[in-house]
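The values are calculated or read from the model by the stated rules, or taken from the named source; none is laboratory data. Because the structure is a prediction, the values reported are computed rather than measured. All Cβ positions, glycine included, derive from the backbone under ideal geometry; neighbour counts span all protein chains shown. Accessible surface is based on the protein model in full, side chains and every heavy atom, while ligands, DNA and RNA are left aside. Shrake-Rupley method; radii C 1.70, N 1.55, O 1.52, S 1.80 Å.
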2 protein chains.
Amino acid sequence: MAQASPSIALDAFDLAILNILQRDNSTPQRVIGEAVNLSAPAVQRRIRRMEEARVIQANVAVVDPAQVGQPITIFVEVEVISETAELIDAAKREFASVPEVQQCYYVTGEADFVMVIVVPTMTAYEALTRRLFFGNNNVKRFRTFVAMDRVKVGLAVPLSD
Amino acid sequence: MAQASPSIALDAFDLAILNILQRDNSTPQRVIGEAVNLSAPAVQRRIRRMEEARVIQANVAVVDPAQVGQPITIFVEVEVISETAELIDAAKREFASVPEVQQCYYVTGEADFVMVIVVPTMTAYEALTRRLFFGNNNVKRFRTFVAMDRVKVGLAVPLSD
DNA sequence: TACCGAATGCAAGAATATTTCGCGTGAAGA
DNA sequence: TCTTCACGCGAAATATTCTTGCATTCGGTA
């Protein structure tokens, strides 16, 4: 796999390859090569280089939550009481360690954390809030937004190409 | 690739396979087979079945935004004026069509939409708000949360296994 | 008991990925 | 200007992985 991670320079070829891979990374290198006007080995070298530099952070399958018994997606804003570095780091570690917390960001503004949570039932969510928020002395309050429609979901980054 | 999408039953083997693919879909089927106690062809048939049923919605590379010149991630809550079906659908289509909008959910609660936006600069974000929010008569107000730290990012669904 | 459908493992064949090698290009220095 | 060197390329050979056909096994059912 990949290890090192010094920033590297990317040219138009690399961006074009990334644009394909972030939509479908099962695309054969030969096909990618035809699309960007490079040979398959050239494509493969560039991909490996970007994986080693962690430009490509992972290669993953996207699973439909509804079809695996986790039909509820919830947005939560969390406001903490104290923003000392220690307490914030502790909160980051705790939130990140919870499988139901699919995404978590530490943010500026009226809230301190925003997160995306995936659960099977509202009961499960209620239990999670009890453990994660009510059970944390540093959580001042939190606001819940239940998703009715996943209008757009993905991790694709807009690339200039 | 995949086409149909009737819901299908998943057993413990399928969930175990999904759990591996969610983390690294470049794992050889032979290795997956060893991990879940199945032969490689059995694994492959199950994967194909789940792709056809859209349990696996996509296979994608995850790109580091910072390394491709898009270092700013922003959370936005949007509140609309009118919630008629037509206007909501129009908003969904518009938001979904914008490349900078990485994720968008239609939600209950104090806001109507929440979204994740990826941009290269705050100037670019300001221009986007002008076009997307100030330029939309149905947007009552929006609140911005700038991410200081991407504590946890991914699309992995918690699987019971 | 006998049958039938579904899923499996094995093994062969096809497709894909990876390595190797030699060539051309462009930059730095004599 | 010439030489050298580093870099990235493509073509071909090699290795790995994926895919398919087939016989078998395991349950459920008449």
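Observations on the structure shown:
- Test: residue in region B:49-66 that is within 12 Å of another protein chain (Cβ to nearest Cβ), free of Cβ contacts under 8 Å to residues at least 40 places away in the same chain, part of a helix (DSSP H, G or I) and more than 11 Å from DNA strand D (Cβ to nearest atom): yes
- Matching entry among A:A35, A:A61 (being of a type in the set (A, V, I, L, M) and open to solvent by 20 Å² or more (accessible area, probe 1.4 Å)): A:A35
- One residue stands out in region B:2-24 among those that are within 9 Å of chain A (Cβ to nearest Cβ) and within 12 Å of DNA strand C (Cβ to nearest atom): the one that is least open to solvent (accessible area, probe 1.4 Å), namely B:D14.
- Residues located in region A:38-48, provided they are loosely packed, with under 14 Cβ neighbours inside 10 Å and either within 10 Å of DNA strand D (Cβ to nearest atom) or in a loop (DSSP other than H, G, I, E, B) (or both): A:S39, A:P41, A:R45
- One residue stands out among those in region A:110-152 that are surrounded by fewer than 17 Cβ atoms within 10 Å (Cβ to Cβ), in contact (Cβ under 8 Å) with a residue 60 or more places away in the chain and over 20 Å from B:I74 (Cα atoms): the one that is farthest from the other protein chains (Cβ to nearest Cβ), which is A:K140.
- Subset of region B:73-99 [more than 22 Å from B:T123 (Cβ to Cβ), of a type in the set (V, I, T) and open to solvent by less than 20 Å² (accessible area, probe 1.4 Å)]: B:V80, B:I88
- Qualifying residue in region B:87-101 (condition: modelled with pLDDT of 95 or more, over 20 Å from A:S160 (Cβ atoms) and over 21 Å from the mean Cα position of the chain (by Cα)): yes
- Scanning region A:67-87 for residues that are touching a strand residue (DSSP E or B) at 6+ places or on another chain (Cβ under 8 Å) and more than 9 Å from chain B (Cβ to nearest Cβ) yields A:I72, A:V76, A:V78, A:E79, A:V80, A:I81, A:L87.
- Flag if B:A16 is modelled with pLDDT under 95 and outside the structural domain of B:V118 (by TED's automatic domain parsing): no
- Check on A:L18, within 19 Å of the chain's Cα centre (by Cα) and outside any loop (DSSP other than H, G, I, E, B): yes
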